[in-house]
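Participant: One structure, as structure tokens, below. Some questions next.
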Amino acid sequence: MDKRKRMGKDKEGVVFPVAPNLSEMGDSYLQFIEEIKKEIQKQRVSVVMNANTSMICLYWNIGRAILKKQEEEGWGTKVIDRMSKDLKIAFPEMSGFSPRNIKYMRKFAQCWGDYEIVQRVVAQIPWRTNITLMDKLKTQEERIWYAGKTIENGWSKTILELQIQSKLMERTGKTVNNFPVALPSLDSDMANQIFKDPYLFDFLGTDMPRREVEIEQKLTEHIQSFLLELGQGFAFVGRQVHLEVGGQDFYLDLLFYHLKLRCYVVIELKACDFEPGFISQLNMYQNIVNDILCHPDDKPTIGLLLVKGKNKTVVEYSLSGYQNPIGVADWQNQLTQSLPEEFQSSLPSIEEIEKELE
């Protein structure tokens, strides 16, 4: 009766197991599995909270070190750009060392001079939420109060911003409200936010983000070498070219300049199947390059998007309406391409790129 269920033929060493129906397991199993789920969830949240605390403390220490050196050595703000470059080289899998984020580390140390308060209070909440406390509030008293309420109620960054806008601290004790009932609990809202924080994933070095980085890095190195060896007029400009736009950080995977076509070529590499949003992102990069880098005599920037797989119809609809020349290729199948005909002979064909990727 305890024989395992399986699909297909019986063969030693090979099995496609099938889980039995819950109705076969009995009430004792249902209670047991629920207890196991709760324990896993509890420990999972505990691990990620501890990692968040370590990361916040690290950021405070970095910010404090910068402040100390600037005071002792008279360093200006340009040292942060140099730090960002050096740390990015040393830790390529981490995205938390952009110039903007390092400036926030310095500001974080300025706002919180007492390390004990950092450990006890603000290290318990996500980094993005700490940025909101720094940007939206002027005094330490306000920051401590809202930080405490964030921990108590499990507020996300968005809810915290709403409470600050509504001047909750000033209104507390003066109005009747349903906050304890209406607001989400710690385990649901703030914990989920911490899980999604890309800085935290980088800090933890979790398996999937690390694999994704390794795949994209190897793919980037390969296609970069391929295009350079092709010798069809490509001048290499940069890899992971950093952009700061509207207070946000972006990175172009590869940037070339084509000497014959007299235009830039932006190449984005995705270690996953095509998503319509990739076109929008690439188009934005092209617009920025056209606006910021291009000489008046340069032609519009070309975009090449390389993905693991795609649906031809979805790609065609996604490309519809865009004015910038964009080509989309996957690693295995056919091409949907919208590049002008005059570019065909100067650029490697997408078929060539696909064959190389295979």
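The values are calculated or read from the model by the stated rules, or taken from the named source; none is laboratory data. All of these numbers come straight from a predicted model, not from anything done at the bench. Cβ sites come from the backbone with ideal geometry, for glycine too, and all protein chains shown count toward neighbours. Ligands, DNA and RNA are excluded from the accessible area calculation, which covers all protein heavy atoms including side chains. Shrake-Rupley method; radii C 1.70, N 1.55, O 1.52, S 1.80 Å.
Participant: Students sometimes get this wrong: rank ARG143, ARG128 by accessible area, probe 1.4 Å, all chains present, largest first.
Facilitator: ARG128, ARG143
Participant: Further question on the same structure: Which order, highest average first, do 164-171, 60-67 follow once you tally other Cβ atoms within 10 Å for each residue and take the mean per peptide?
Facilitator: In descending order of packing, they fall as 60-67, 164-171.
Participant: List every residue whose amide H lies under 5 Å from the amide H of VAL237, counting only residues 5 or more places away in sequence or on a different chain, with H placed 1.01 Å from N in the peptide plane.
Facilitator: LEU255, PHE256, TYR257
Participant: Based on alpha-carbon atoms only, what is the radius of gyration of the stretch 75-118 relative to the globular estimate 2.2 N^0.38 Å?
Facilitator: 1.28
Participant: For a 26 Å ceiling on Cα separation, which of these pairs sit above it: LYS38/LYS136; LYS68/LYS88; LYS103/LYS157; LYS107/LYS167?
Facilitator: Over 26 Å apart, Cα to Cα: LYS38/LYS136.
Participant: Sequence-distant or interchain residues sharing an amide H contact under 5 Å with LEU243, placed H: which?
Facilitator: When sequence neighbours closer than 5 places are left aside, the close amide H contacts are PHE250, TYR251, LEU252.
Participant: Please list HIS295, HIS242 in order of solvent-accessible area, largest first, computed with a 1.4 Å probe with all protein chains present.
Facilitator: On the way: HIS295 105, HIS242 65 Å².
Sorted descending by solvent-accessible area, the residues read HIS295, HIS242.
Participant: Using per-residue counts of other Cβ atoms within 10 Å, averaged over each peptide, order 74-83, 100-109, 31-40 from highest down.
Facilitator: 100-109, 74-83, 31-40
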